[in-house]
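Remarks on the structure that follows.
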Amino acid sequence: VERAEPAARLLFPPDFGWGAATSAYQIEGAAKEDGRGESVWDTFSRTPGRTRNGDTGDVAADHYHRYAEDLDLMRDLGLRSYRFSISWPRIQPDGTGAANQRGLDFYRRLVDGLHERGIAPMATLFHWDLPQTLQDAGGWESRDVAHRFADYAATVFAALGDRVPVWLTINEPKTVVQNGYLRGHHAPGRQDPDAAYLVAHHLQLAHGLAVQSLRADGSNGRIGPAFNLHPCYPADDSPAAAEAARLYDGYENRLYLDSAFHGSYPEDVLADLGPDSRLVRGIQDGDLEIISSPVDLLAVQYYTPIYVTGTGGTVRRWPTSEASWQQIYPDGMYDILTRVTRDYGPVPLTVTENGLPTPDVLGADGTVEDTGRVTFLRDHLAAAHRAIADGVPLESFHVWSLLDNFEWEEGYEQRWGLIYVDYPTQRRVFKRSAHWYRKVIADNAL
Ligand code: GBH
């Protein structure tokens, strides 16, 4: 019997880094084990009313205990690259001082387990779990925290620098700025625009200082920032919408990209913030040289476009996922990858997050039919493939996420994983998308 095959397969480059991503607080659990200190997310999630159903990361996907099983699942999936984050309060429980050896040992076991299975580790130094002690000392509003971060980074490089080929500094500084300090629905739950942009500066400074820490360490890993980028399109053909979309792009994208890659903050954003803003007043001589320390790669996280009206508001143009903020628009992946290459390249790129939540249920037959995720990933990967064909130096692609996990203020209700987690039993089940992704990886093609 003949089966119809798609007319043309989309072949990826040899050695393409097929991957999946997670972060420490979202999967590890074991919140009180092996000397781990508390982070701002422990505080925030334990504060009544902050997360859906009062969920916390205390247990999460119990990855801290089940990492060996999870490593085997990654091998079964065929992953070539695994992006995870290191929990600062496991390494320095109070955010400073001597390393907690048991914390380092966990990541050493994890990294060694990846190598044993032929999977390249990609480690993020900071995915939002700031040690609470440092928050009590001012958090990211305090310039000193950027220096504490550089020390923490140096500690991690000294322990793991010989076995981690790619480092990412700070996951999505923008999300800390916007969700943590503007809208307040992430830790530390502030709503203070003037503080928010000073925080942006200190996060960028911390990034640059950590890059310098790696160079000083002398280990030969590569390093770069991880930005969630939003293509910002005018909602209509009016000049006002074009202008508003441009400023929106400044706040969403150029604030981070220009400072890291061009050594300057965008003029339109600085003018909009005004000369008395804490960001402008917080810039010291030499800061932008530090922030723009040469990097080896740029990590892009793409989830959604933004459509901006003439008055600076936003509208929806495409269907949303289970996450109300996410419009499904695969061409945005092509647009953002080609744009960063044009404006900030040439620089090797990795996609470190792309995915969506789906309303998954574990069927009586033991299957999870997340067909929406298959369609989403296929379409976004096809857009990435088109960017590669047009010359974008994309090395790897990581699905968010490997496992269902603690989705921050949304708790455990949103399921973003390729692998279903049955939380009461912690059983893992490959969703349909995981089976599909395994085949894509094996074929190196869509
Ligand atoms: C990533 O953030 C994170 O790195 C990852 O930890 C997370 O699990 C994953 O995506 C899925 O969300 O319009 O006010 O409701 C994505 C960051 C989250 C930033 C949602 C914008 C919407 C804020 N985005 N947020 S709002």
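I'd like the full set of residues that are of a type in the set (Val, Ile, Thr), under 19 Å from TYR67 (Cβ atoms) and either over 17 Å from the mean Cα position of the chain (by Cα) or at pLDDT below 95 (or both), limited to the range 381-428.
Within the range 381-428, ILE419, VAL421, THR425 qualify.
For the range 281-308, enumerate the residues that are more than 23 Å from ASN171 (Cα to Cα) and surrounded by fewer than 17 Cβ atoms within 10 Å (Cβ to Cβ).
Those that are more than 23 Å from ASN171 (Cα to Cα) and surrounded by fewer than 17 Cβ atoms within 10 Å (Cβ to Cβ): ARG281, GLN284, ASP285, GLY286.
Condition check ((1) of a type in the set (D, E, K, R); (2) free of Cβ contacts under 8 Å to residues at least 12 places away in the same chain; (3) within 14 Å of the ligand (Cβ to nearest atom)) across all residues:
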{"position": "PHE157", "(1), (2), (3)": "no, no, no"}
{"position": "TRP167", "(1), (2), (3)": "no, no, no"}
{"position": "ARG183", "(1), (2), (3)": "yes, yes, yes"}
{"position": "ALA187", "(1), (2), (3)": "no, no, yes"}
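Search the range 410-433 for residues that are at positive phi and pair each with any residue that is within 16 Å of the ligand (Cβ to nearest atom) when their beta-carbon atoms are under 8 Å apart and the residues are at least 6 apart or on different chains.
The qualifying pairs are GLY411/THR51; GLY411/ARG52; GLY411/ASP55; GLN426/ALA61.
Name the single residue that is nearest to THR358 (Cα to Cα) among those in the range 380-432 being among the polar types (S, T, N, Q) and either within 16 Å of the ligand (Cβ to nearest atom) or open to solvent by less than 30 Å² (accessible area, probe 1.4 Å) (or both). Let's see the steps before the verdict.
Going through the range 380-432, the residues among the polar types (S, T, N, Q) turn out to be 396, 401, 405, 414, 425-426.
Of the ones still in play, those that are also either within 16 Å of the ligand (Cβ to nearest atom) or open to solvent by less than 30 Å² (accessible area, probe 1.4 Å) (or both) are 396, 401, 405, 414, 426.
Numbers: SER396: 24, SER401: 12, ASN405: 13, GLN414: 7, GLN426: 19 Å.
Per the stated criteria, the residue is GLN414.
Say whether the condition of being in contact with a Phe, Trp or Tyr (Cβ under 7 Å, 6 or more places away or on another chain), within 13 Å of the ligand (Cβ to nearest atom), closer than 28 Å to ASP62 by Cα and touching a residue at least 12 places away in the same chain (Cβ under 8 Å) is met by at least one residue in the range 344-352.
yes
Which of the helices (runs of 4 or more DSSP H) found entirely inside the range 242-305 contain at least 3 residues meeting this: touching a Gly at 6+ places or on another chain (Cβ under 6 Å)?
287-291
What are the pairs with Cβ atoms under 9 angstrom where one residue, in the range 278-304, is farther than 21 Å from LEU125 by Cβ and the other, located anywhere, is open to solvent by 40 Å² or more (accessible area, probe 1.4 Å) and among the charged types (D, E, K, R)? Sequence gap at least six, or different chains.
If the second residue must be open to solvent by 40 Å² or more (accessible area, probe 1.4 Å) and among the charged types (D, E, K, R), the pairs left are ARG278/GLU141; ARG278/ASP194; LEU279/ASP194; GLY282/ARG143; GLN284/ARG143.
Take the residues in the range 305-343 that are within 14 Å of PHE227 (Cβ to Cβ) and in contact (Cβ under 8 Å) with a residue 60 or more places away in the chain; name whichever of them is farthest from the ligand (Cβ to nearest atom).
ASP343
Which of the residues spanning the range 140-155 are under 24 Å from ASN228 (Cα atoms) and either without any contact (Cβ under 8 Å) to a residue 12 or more places away in the chain or within 20 Å of the chain's Cα centre (by Cα) (or both)?
TRP140, ALA146, PHE149, ALA150, TYR152, ALA153
If I ask for residues that are surrounded by fewer than 18 Cβ atoms within 10 Å (Cβ to Cβ) and either touching a strand residue (DSSP E or B) at 6+ places or on another chain (Cβ under 8 Å) or touching a residue at least 60 places away in the same chain (Cβ under 8 Å) (or both), which ones from the range 360-371 would you list?
LEU362, GLY366, THR367, GLU369, THR371 - these are the residues of the range 360-371 that are surrounded by fewer than 18 Cβ atoms within 10 Å (Cβ to Cβ) and either touching a strand residue (DSSP E or B) at 6+ places or on another chain (Cβ under 8 Å) or touching a residue at least 60 places away in the same chain (Cβ under 8 Å) (or both).
Select from the range 106-118 the residues that are open to solvent by 10 Å² or more (accessible area, probe 1.4 Å) and under 20 Å from ILE441 (Cα atoms) and list them in ascending order.
Those that are open to solvent by 10 Å² or more (accessible area, probe 1.4 Å) and under 20 Å from ILE441 (Cα atoms): HIS115, GLU116, ARG117, GLY118.
The values are calculated or read from the model by the stated rules, or taken from the named source; none is laboratory data. All figures in this text were calculated on a predicted structure; none of them were measured in a lab. A quick note on method: Cβ atoms are made from the backbone with ideal geometry, for glycine too, and the neighbour counts reach across all protein chains shown. With ligands, DNA and RNA removed, areas are computed over all heavy atoms of the protein, side chains included. Shrake-Rupley method; radii C 1.70, N 1.55, O 1.52, S 1.80 Å.
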